[in-house]
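> Before I ask anything, here is the structure I am working with.
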Amino acid sequence: MSKYRPRAEMTPEQSARARRDAKRRKFLVQRGTPSRSRNISEVQRHVRRLYYDGGMTSRAMAAQSGVSRDTIMQVIKGYRVVQGRRTTVSCLLQSTIDKLSTIRLELAPPEDLLGAHIPPTGTRRRLQALSAMGYDSVWMAERLGTCAGNIGALIRGHRGRCYVYAATARRVRTLYATYQHVDPAETGRSAWHISTAKSRARKQGYAPPWCWDEETIDDPHAEPEWTGACGTSRGHAIHRREQIATCGPCREAKHNEADEPKAPVMALSVTRERPARRGTTRPGKAAAVRPAEVRARQRTAA
């Protein structure tokens, strides 16, 4: 939470702004216009989009809007801590809403982007791909300078975090580029560590590095290319033959193929010519003569 600052500790500009805001609130109360608004969903989406998708830091937002960093983070997270308890942010001053609405995306210089928040999709997929090759969380944590618990939570998507720091993403990208074509046995890992990591990755359905390329691994809407024909019935057949967990596109293609109406197959009795009855003439063949008629003709001739 933002800490109250006495007037004596304010700069002349801050003091003038505080007097102006207090005067405006008093005017709004006298006029009957509420100074607070519960319509914060739109400005909350705007600030979250800048923070998570755009990678804009709260410091840059505060410098651009004049709103404190604590207030901005409360709007982003959706709650504030009051006396040790979480309280949902349900309303804001109208002046705060107006200030936050004017924020435009402004990225910091590259050297200051290490603390920026970026989507975790590409980072998670790179760690999962290394895990599918046989690299375990302990080994990756040692190379990245963190603990295995954080790596495991990032791989599985636990702890409810929908972003990673740019510095973490950069280190993971470097690790992936270095070891994506290296056998884990060459790094000194035991056969037990390698087989355990592969088994866990297989159960979770993690895609190895050869299922991704640099254009798709960071795309949240992209799917791994397991078979070279994913999204078709042939890809589904390759999944079954190679005993690979069926991916979403192949499962959907198989489902759509099963739902397609099949062409009607005519019965054989309809397409084939019916056999002629006894005593009738088949096309191109002599008439069948009954035995009784033969005997009658013989008596007549005698």
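> Name the residue that is farthest from Leu92 (Cα to Cα), counting only residues in the range 67-80 that are in contact (Cβ under 8 Å) with a residue 60 or more places away in the chain and assigned to a helix (DSSP H, G or I). Please lay out each step first, then the result.
From the range 67-80, those in contact (Cβ under 8 Å) with a residue 60 or more places away in the chain are 68, 70-71, 74, 80; that's our starting set.
Adding the requirement that they be assigned to a helix (DSSP H, G or I) leaves 70-71, 74.
Details: Asp70: 13, Thr71: 10, Gln74: 11 Å.
Looking at residues that are in contact (Cβ under 8 Å) with a residue 60 or more places away in the chain and assigned to a helix (DSSP H, G or I), I get Asp70.
> From the list Ala288, Ala229, Ala207, exactly one residue is of a type in the set (A, V, I, L, M), outside any helix (DSSP H, G or I) and modelled with pLDDT under 65. Which is it? Walk me through how you get there before you give the answer.
On the way: Ala229 fails: modelled with pLDDT under 65; Ala207 fails: modelled with pLDDT under 65.
Ala288 is the lone residue from the list that is of a type in the set (A, V, I, L, M), outside any helix (DSSP H, G or I) and modelled with pLDDT under 65.
> Right, next: Residue check, Arg200 against (1) more than 15 Å from the chain's Cα centre (by Cα); (2) in a loop (DSSP other than H, G, I, E, B), all met but one. Which one?
Of (1) more than 15 Å from the chain's Cα centre (by Cα); (2) in a loop (DSSP other than H, G, I, E, B), only one is false for Arg200: (2).
> If a residue must be among the aliphatic types (A, V, I, L, M) and at pLDDT 80 or above, how many such residues does the range 99-137 contain?
Residues flagged as among the aliphatic types (A, V, I, L, M) and at pLDDT 80 or above within the range 99-137 amount to 8.
> Can you confirm whether the range 6-27 contains a residue that is in contact with a Phe, Trp or Tyr (Cβ under 8 Å, 6 or more places away or on another chain) and among the aromatic types (Phe, Trp, Tyr)?
No; the residues of the range 6-27 include none that is in contact with a Phe, Trp or Tyr (Cβ under 8 Å, 6 or more places away or on another chain) and among the aromatic types (Phe, Trp, Tyr).
Condition check ((1) among the β-branched types (Val, Ile, Thr); (2) in contact with a strand residue (DSSP E or B) (Cβ under 6 Å, 6 or more places away or on another chain)) across all residues:
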| position | (1), (2) |
| --- | --- |
| Ala22 | no, no |
| Ser41 | no, no |
| Ala63 | no, no |
| Tyr79 | no, yes |
| Thr88 | yes, yes |
| Thr96 | yes, no |
| Ile103 | yes, no |
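> Filter the range 27-66 for residues that are under 32 Å from the mean Cα position of the chain (by Cα), more than 12 Å from Leu105 (Cα to Cα) and part of a loop (DSSP other than H, G, I, E, B) and give the result.
Arg38, Asn39, Ile40
> So which of Ser90, Ser95 ends up being modelled with pLDDT under 90, within 28 Å of Arg20 (Cα to Cα), in a loop (DSSP other than H, G, I, E, B) and not aliphatic (A, V, I, L, M)?
Of Ser90, Ser95, the one residue that is modelled with pLDDT under 90, within 28 Å of Arg20 (Cα to Cα), in a loop (DSSP other than H, G, I, E, B) and not aliphatic (A, V, I, L, M) is Ser90.
> Let me ask another. Looking at (1) more than 32 Å from the chain's Cα centre (by Cα); (2) surrounded by 17 or more Cβ atoms within 10 Å (Cβ to Cβ), which is the one condition that is false for Arg5?
Of (1) more than 32 Å from the chain's Cα centre (by Cα); (2) surrounded by 17 or more Cβ atoms within 10 Å (Cβ to Cβ), only one is false for Arg5: (2).
> Is there a residue in the range 159-167 that is closer than 23 Å to Cys211 by Cβ and either hydroxyl-bearing (Ser, Thr, Tyr) or modelled with pLDDT of 90 or more (or both)?
Checked against the condition, which is being closer than 23 Å to Cys211 by Cβ and either hydroxyl-bearing (Ser, Thr, Tyr) or modelled with pLDDT of 90 or more (or both), the range 159-167 yields no hits at all.
> Do you know which residues across the range 131-181 are part of a helix (DSSP H, G or I), of a type in the set (Val, Ile, Thr) and within 27 Å of Met56 (Cα to Cα)?
Of all residues in the range 131-181, those part of a helix (DSSP H, G or I) come to 131-133, 137-144, 148-156, 166-179.
Cutting the leftovers down to of a type in the set (Val, Ile, Thr) gives us 138, 151, 155, 168, 172, 174, 178.
Of everything in the range 131-181, those that are part of a helix (DSSP H, G or I), of a type in the set (Val, Ile, Thr) and within 27 Å of Met56 (Cα to Cα) turn out to be Ile151, Ile155, Thr168, Val172, Thr174.
The values are calculated or read from the model by the stated rules, or taken from the named source; none is laboratory data. Since we're looking at a predicted model, the values are computed, not measured. Note that each Cβ is placed from the backbone with ideal geometry, even for glycine, and that neighbours are counted across all protein chains shown.
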